[in-house]
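> Before I ask anything, let me first share the structure, which is written out below as structure tokens.
The values are calculated or read from the model by the stated rules, or taken from the named source; none is laboratory data. Because the structure is a prediction, the values reported are computed rather than measured. Neighbour counts are summed over all protein chains in view; Cβ atoms, including those assigned to glycine, are modelled from backbone coordinates with ideal geometry. Each accessible area value is taken on the protein alone, full model and side chains, heavy atoms only, with ligands, DNA and RNA left out. Shrake-Rupley method; radii C 1.70, N 1.55, O 1.52, S 1.80 Å.
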Amino acid sequence: MFPGTAAETREERAGMRQGGGENSEADAKGASICCDTEPKRVKVYVLENNEWKDTGTGFCTGEIEELRKDEPSGESEAGEGESGSGGEPSAETGKCAFLVVNNEECPAETLLRSKLEGNIEYQRQEETLIVWKDVDGHDIALSFEESVGCDTLCGFIVQVQRHVANNISLVAVRASNNGTGSVHEIIAGPVSLPSVEKEQDTATLMESLKALNENTAYEYLKNETIEFLLQSSYIDLLINLFNKAEENKQLKVLLLLSSIVKTLILYSNRDILELMVDDSHVMGIIGILEYDTEFPTMKANHRHYLMTSGPIFKEVLPLKNAELKELVKKCFRLQFLKDVVLVRFLDDHNLNLIMDILLDLETCIMSFLQRDSFLDRIMALYNPENVKENAELDDLAEKKKDGIKLLHQCVQMSKNLDPMEKTNFYKALVTKGLFNVLYYAFKMETDSNTRILATDMIIAIIEHDLLLIQNVQHEKLSQEDDAVDMKNDKLASSGNSSGEETEDMKLLAVLTTILLTDKSPGLRGQVVQALTTLLHPDGCLEGAERGYDNSHMLNKFNFGMGPDDDPGFATPADYKSDVTNPDLTDLQLKRYFSNFYEQIAPILFSPLIDMKNGATTTTANTDEQLLIHLVKMVSFICTEHNRMMSRTFILEKGILKSVSKLMEMNHIPQLRLTALRTFKNIMCLNDNYYHRYMISSDVYDPIFILLEENIKKDNLTVSCIQDFCKIISNHCIPTLGLDNNSPSPIKRSTNQIKKSNFVILNKYLVNRFFKVFSGYKDVLFLKDLLDVDERLSNLENNKNSSNTNGLPPFNDEEDTVNMEDISMDSTDHEANAGQNKRRRSAEYDSFTAEMT
Amino acid sequence: MNLDHTLELLRQGKHIPEETVYSLCLELQELLINEANVSYVDTPVTICGDIHGQLHDLLTLFEKSGGVEKTRYIFLGDFVDRGFYSLESFLLLLCYKLRYPDRITLIRGNHETRQITKVYGFYDEVLRKYGNCNVWRYCCEVFDYLSLGAIINNKIFCVHGGLSPDVDTLDAIRGIDRKQEVPHEGPMCDLLWSDPDDVETWSLSPRGAGFLFGKNEVDKFLHGNDIELIARAHQLVMEGYKEMFDGGLVTVWSAPNYCYRCGNIAAVLEIDDQLQRNYTIFEAVQPQDGVGNAIIPTKKPQMDYFL
């Protein structure tokens, strides 16, 4: 139809360029005819007998002619491409447009005067060529000297299409990237839009659907269609058609309408989506989407669900701000579309769009809430000072419960916000009186569900910023204290009534009490999560993922930690250093943890401490599930806290002896293995004090009773013990120089054999459980321990014939030797550290991953 | 807890009280703690691949393959995420496991972890169905106890993902303390994450966890452990199953029309007493509720909303 394929065109273009180049000096004198575009130098070709014939070189202008004589000639009408406002074409119908080329040699001679009319398709081929077939069937090509010239005239054609001759079109044709074909992109042209007739049959709807589908293929058509959808009331029309069709049970129409709405959603346009979920459209749209060509014989009942059994929009207290209310509703409806109505339909692209809109709406809601008085009124429900006013409210207890649900929902919503927004929102919550709410949930309310929600809120806030609650609360109280001294009462009334714990321990104290007293397993799990978050020295358990959130605290918290701590933790710019209290110092943090060990830990671990003090291990109020939590917590503080601080506590209170007892037969296997893992983790710390203590207290004894119970089986217990033994023998290998990768055999100036903690432990275990080990020589991991021991003895005998003692003494001399050993054999140490870390992080994951 | 009643509720996709889930999960812990990292299973047995929360297709699976009363099953993991009935699917399997401990072997998949379920649907599903995540927590505890693999008649090794450079022998798997969140590296991670591919040797996996392994690694593992076949899941196969490496490895996929849109068929692999392989393929069918009414699978909407 039009001149040539892409390949042909390229050839032609090459030829034309040459032609154009010959005359390049002659462009200075522009023809002074009245024109609507700047004249651009061009060669004109026409196709004759299948050959392009050069008909001359000249200057091309786009011209508009007024047909009506009473109007002035619209010079600027189509001159600049951008000026067109897309306004009403009807006003301009009295115009004609032409592409005119005047001979450069003789400006009076017109080489070409071609009207833009009918449904001519203009092709812009590559950068400098415009090609078309006019209504008389002539193929014409304009080859521009510069691409800018081509741009100008294409801009003109676009304007003409908009305002003068709607049915012409401009298409860009480019060779595709792989060079084998061509890519067409519509720049301007008539857009087939869906019918807006009030009555439509299946045929019309089918056509509309087809048009809508086709229009998604090109950016231009898509944008024009979106414009149409937003300007016209097409969606209202669809809903009207739907209501009639549903009334008349016209299934085909219903299915077509559903397909049309789905196609509109695929336009991925935010305005369209928002239009669909506003008050006047949402039910109609959801109704239409109840029909689905995928399930042609069925109908979903979304509307019925929404109106009767579905989620209710609850207003704990009346929401006075209408705009906020609208936002909340919109948010919910979009979520409903995303999660329910369109769940099988949305692709990733559309899903992301909806998520983006939701995030936007949520951000709006959050900032609204900070400014509005609504939250203040909610918080007032829990303020002990308002007892009298609140007493007049109906269903106060119910309102308080719902209020916590509401606050919880706000906090859930806030999780997607950016960190700064989150901080602001949480600060606002605490300032407005969150502590009263928590106090109510934990001290007055006994409903587990409410407590779970309250704990969840705490977790969200402290995972974001560990000290936020504490700092804001602190500021608030000190301000109030400054103002009125007697307000000290308030401090007591807001949760510190026991007067035992310091301000910074208040939250920990409350959570500890709940963990030890509340029997709800779900709540317990959550409280443990909150406790570990509060007690985590990194201040954030998902550090790697959300490091930017908490890195500022990480630095400050990471005091006095052992070399095992990950030094490679990313520390991005501290862009929100204002979040934490500026006078927060390491000292304060140290005090925080020492307060914990003084005030909280003795209570938190009391079931374990009491056990050691002779209380029976299975009292009614210490159930096994609680003990599992506590034993995991022991492992946690041993591995994550300042070594000296936690170790002093653990050893002084004799906690490991209790943990050891929990491996005995009268406990459930889950607890026994949890206890075993705790020893494994502590052992991996390679800490001299722990190692000596654990050997001298015989805490390992129950492990081998546990092993004998299970040795004939292949189960998790055996796997767990196998892992335990493997760690020991693996750690001994470098010491013995059995590892090919290590530079050993150890050359030492002294006659001493290196006695790492693991070598000592291995020797101890072999001595103590020799009977067990030698009874199961076919069990490889036990044999490994024996082998290691034997080789060690050989090595020892060779190197130091005088030292024949099996078990080295645990005295102060030995201590120094040990330290030396560790520091001298760096490969060993590094290997240990690496393995410790891996192991620890693995176990640690299982303990804390719930927080991710 | 009335197991039959719970099973009936589950088959109908109905709500299970939190307390029931809790006690079910505790019982399963006790049961699973006594299982090996690599469970021994006898023939005849039917191997099933990924389920991904497609409860109704899971019911079809049982229907097409003999049912749990008559057939022994190994499930290769990925019970949860993606589909809209992760909880019901997983609990159904747990109930069957409790009812017929010797007839069902459950192997852990890479989706049976806290981290993955938080992203791919199970966590959100629980949150929508219960308003809090307790039930998710209970289930995650059970995930930690699931086996890492199974061995049929000492001849067929079953695992969710594939091989690991750290695992030459089955005994190496026994030494893993499996009760933990799946680590980001190491043998336990690889078993759940690796994929077979046309590679010369161990290669980086595009998944970011586990490895790609080729015929060499498979041959070596088969020979070294004197086994005939590695049966695994983990990858969508449009035809339901796919044998590779001269029949030394098979991928079994049991979620038809995956994600309700992939258009694939599903398969289970029955191993008879002569270790012959017999594939049964099945398609997604129109799901029904408990009383035979057709239903459209969908997510449960969120609970009440406030403000």
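> With a Förster radius of 22 Å, plug the Cβ-Cβ distance of B:Glu239 and B:Thr201 into 1/(1 + (r/R0)^6) and report the FRET value to the nearest 0.05.
0.20
> In straight Cα distance, which lysines are under 17 Å from A:Lys755, not counting same-chain residues fewer than 8 positions off?
Within the straight-line cut-off, A:Lys755 pairs with A:Lys747, A:Lys763, A:Lys799.
> So which of A:Lys198/A:Lys244; A:Lys338/B:Lys299; A:Lys329/B:Lys118; A:Lys244/A:Lys299 end up more than 19 Å apart, counting from Cα to Cα?
A:Lys329/B:Lys118
> How large is the accessible surface of A:Arg162 in square angstrom, using a 1.4 angstrom probe and rounding to the nearest 10?
90
> Which entries of A:Lys422/B:Lys300; B:Lys14/B:Lys300; A:Lys320/A:Lys422; A:Lys314/A:Lys401; A:Lys210/A:Lys330 show an alpha-carbon separation above 18 angstrom in the structure shown?
Values: A:Lys422/B:Lys300 28 Å; B:Lys14/B:Lys300 11 Å; A:Lys320/A:Lys422 24 Å; A:Lys314/A:Lys401 12 Å; A:Lys210/A:Lys330 30 Å.
Too far apart for the 18 Å limit: A:Lys422/B:Lys300; A:Lys320/A:Lys422; A:Lys210/A:Lys330.
> With every protein chain kept in the model, how would you rank B:Glu35, B:Glu63, B:Glu181 by accessible area, 1.4 Å probe, largest at the top?
Numbers: B:Glu35 35, B:Glu63 150, B:Glu181 5 Å².
In descending accessible area the options line up as B:Glu63, B:Glu35, B:Glu181.
> Give me a single rounded figure for A:708-716: the average over its residues of other chain Cβ atoms within 10 Å of their Cβ.
Other-chain Cβ atoms within 10 Å of each residue's Cβ, averaged: 4.
> Filter the trypsin sites (Lys or Arg not before Pro) in region A:96-147 down to the DSSP loop ones having no more than 14 other Cβ atoms within 10 Å, then list what survives. Don't skip to the end; give the middle numbers.
Details: sites: A:Arg113, A:Lys115, A:Arg124, A:Lys133; in loops: none.
Counting only loop positions with at most 14 other Cβ atoms within 10 Å, none of the trypsin sites (Lys or Arg not before Pro) in region A:96-147 qualifies.
> Continuing with the same structure: Give the residue from B:Leu163, B:His111, B:Val135 lying farthest towards the positive end of the charge dipole for region B:99-181; charges sit on Cβ (+1 for Lys and Arg, -1 for Asp and Glu) and the dipole is referred to the Cα centre.
So the residue furthest toward the plus end is B:Val135.
> Something else about it: Hey, got the average number of other protein chain Cβ atoms within 10 angstrom for residues in A:339-348?
4
> With the cut-off at 1.5 for a/c, could you classify region A:380-446 from its C-alpha gyration tensor as rounded, prolate or oblate?
Values: a/c = 2.42, a/b = 1.98, b/c = 1.22.
Taking the square roots of the gyration eigenvalues as a ≥ b ≥ c, region A:380-446 is prolate.
> Ignoring everything but the protein chains, give the 1.4 Å probe accessible area of B:Glu228 in square angstrom, nearest 10.
90
> With +1 on each Lys and Arg Cβ and -1 on each Asp and Glu Cβ, how big is the dipole of region A:198-342 about its Cα centre, in debye rounded to the nearest 20?
Values: 17 positive and 21 negative charges, 100 e Å.
Here the size comes out at about 480 debye.
> Further question: Quick one: compute the contact order of region B:11-138, relative version, from alpha carbon pairs under 8 angstrom and 6+ residues apart, as a percent.
Relative contact order of region B:11-138: 27 percent.
> Could you tell me the accessible area of A:Thr152 in Å² (1.4 Å probe, neighbours in place), rounded to the nearest ten?
About 40 Å², rounded to the nearest 10.
> Something else about it: Mean separation of Cα pairs under 8 Å and 6+ residues apart, divided by the residue count of region A:202-355: what relative contact order is that in percent?
Taking the mean separation of contacting Cα pairs over the length of region A:202-355, I get 22 percent.
> While we're on this one: At a Förster radius of 60 Å, what calculated FRET efficiency corresponds to the Cβ-Cβ distance of A:Thr308 and A:Lys713, to the nearest 0.05? Intermediate values should be presented prior to the final figure.
Numbers: r = 55 Å, r/R0 = 0.92.
Efficiency for this residue pair is about 0.60.
> List the relative contact order of region B:40-282 as a percent without decimals, with contacts defined as Cα pairs under 8 Å and 6+ residues apart.
Relative contact order here is 21 percent.
> Just tell me how shielded B:16-26 is by partners: mean number of partner chain Cβ atoms within 10 Å of each residue's Cβ, no decimals.
Other-chain Cβ atoms within 10 Å of each residue's Cβ, averaged: 2.
> To continue, here is another question. Sequence neighbours fewer than 8 away in the same chain don't count; with that in mind, list the lysines whose C-alpha is under 22 Å from A:Lys40.
Within the straight-line cut-off, A:Lys40 pairs with A:Lys29, A:Lys53, A:Lys115, A:Lys133.
> Moving on to the next point. Using mean Cβ contacts within 10 Å as the protection proxy, how do B:204-217, A:191-204, A:626-639 order, highest first?
Values: B:204-217: 17.1, A:191-204: 14.9, A:626-639: 22.7.
Top of the packing list down: A:626-639, B:204-217, A:191-204.
> Given the pairs A:Lys712/B:Lys220; A:Lys712/A:Lys771; A:Lys519/B:Lys129; A:Lys519/B:Lys97, which are separated by over 18 angstrom at their Cα positions? Present the calculation step by step, with values, prior to reporting the outcome.
Details: A:Lys712/B:Lys220 29 Å; A:Lys712/A:Lys771 16 Å; A:Lys519/B:Lys129 22 Å; A:Lys519/B:Lys97 27 Å.
Beyond 18 Å between Cα atoms: A:Lys712/B:Lys220; A:Lys519/B:Lys129; A:Lys519/B:Lys97.
> Give the ranking of A:Phe435, A:Phe242 by solvent-accessible surface, highest area first, calculated with a 1.4 Å probe.
Numbers: A:Phe435 25, A:Phe242 0 Å².
In descending accessible area the options line up as A:Phe435, A:Phe242.
> Quick one: order A:Thr293, A:Thr37 from most to least accessible surface, probe 1.4 Å.
The ordering from most to least exposed comes out as A:Thr293, A:Thr37.
> While we're looking at this one, here's another question. Take A:Thr202 and A:Thr293, extend 7 Å from each Cα along the Cα→Cβ direction, and tell me the distance between the two endpoints in nm.
1.3
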